[in-house]
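These notes concern the structure reproduced below.
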Amino acid sequence: MKTISSVVESVIHRKPFLQSALAEGIINLTSLSRQIKPEIESYLGKEVREGAIVMALKRLSEHLEFRATHKIVKVLKNIGEITVRSSLVDFTFLTSESILEKQAELMREIHRNPDVFYTSSRGVNEINIVVSDRLEGFIEDLFSGERMTQKVTNLASVTVKLPHENVTVPGIYYFIFQRLAWEGIVLHEVISTTNEFTIIVDDPEADKAFTVIKALKAL
């Protein structure tokens, strides 16, 4: 049998930003109850008092706050070094039979220039390459026979070293990317390994992104 509390929790869990606002205690529960009341009543098939919804929201917000402060925040406090690199170019190519061979040549060039920034990821249909802009011309020449679907210049990267516990606590990436979204920061790319991730943003947004992520250590 569905209860008011279970339906309220189901509704809130489908709205991540609302869920986070509850955990932060920055939302008016009475106003929210009025907003979601029709949806709750539709699920239950009966009229529901606003006071009952408010109580369910209050219990849920306390639970969300407990989870955030005792799991996610504990991990975020142990974020390691944060590295920023500027003057980057982001290329996207469609996959092909010849592109891996050209990537191998690119790796040889990077080996000769160890101070340049380089990261790459491969999907089912696309290959993404982000490099320092000093290699922009080299890549354009090397991959001239490939189909380039996108090229974005004037970018920067923010690389974050995460503690090992990040792989056992759900919600770490969501918590970080949520903060970036709240600040209106557009992520061009996200590249991750087990204990590290890199975001690619517009160069003017790099300082803001750095500040947002660094602030998580002080939660």
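The values are calculated or read from the model by the stated rules, or taken from the named source; none is laboratory data. Note that the coordinates shown come from a computational prediction; the quantities given were computed from them, not determined experimentally. Positions of Cβ are backbone-derived with ideal geometry, glycine not excepted, and every protein chain shown enters the neighbour counts.
Mind listing just one residue for me: the one in the range 134-186 that is basic (Lys, Arg) and within 17 Å of Ile199 (Cβ to Cβ) and, of those, nearest to the chain's Cα centre (by Cα)? Checking each candidate, the answer is Arg179. Between Leu88, Leu94, Leu100, Leu106, the distinction of being more than 19 Å from Ser132 (Cβ to Cβ), of a type outside the set (Val, Ile, Thr) and at pLDDT 95 or above belongs to Leu94 only. Of all residues in the range 136-183, exactly one satisfies the criterion of being under 20 Å from Leu76 (Cβ atoms), small (Gly, Ala, Ser) and in contact with a helix residue (DSSP H, G or I) (Cβ under 6 Å, 6 or more places away or on another chain), namely Gly171. Which members of the range 36-46 meet the condition of being surrounded by 12 or more Cβ atoms within 10 Å (Cβ to Cβ), free of Cβ contacts under 8 Å to residues at least 40 places away in the same chain and not charged (D, E, K, R)? Correct list: Ile36, Ile40. Put simply, of Val89, Val84 the only residue that is more than 26 Å from Asn195 (Cβ to Cβ) and in a strand (DSSP E or B) is Val89.
The residue that is surrounded by the fewest Cβ atoms within 10 Å (Cβ to Cβ), counting only those in the range 169-219 that are farther than 22 Å from Val130 by Cα and polar (S, T, N, Q), is Thr211. The residues listed here are Arg122, Arg112, Arg134; of these, the one that is assigned by TED's automatic domain parsing to the domain that holds Tyr173 and within 24 Å of Asp207 (Cα to Cα) is Arg134.
Just to be sure, is Ser96 assigned to a loop (DSSP other than H, G, I, E, B) and of a type outside the set (Val, Ile, Thr)? Yes; evaluated as a whole, the condition is true for this residue.
Checked against (1) without any contact (Cβ under 8 Å) to a residue 40 or more places away in the chain; (2) under 11 Å from the mean Cα position of the chain (by Cα), Thr194 passes all but condition (2).
Only residues that are buried (at least 18 other Cβ atoms within 10 Å of the Cβ), modelled with pLDDT of 85 or more and polar (S, T, N, Q) were counted in the range 8-35, giving 1.
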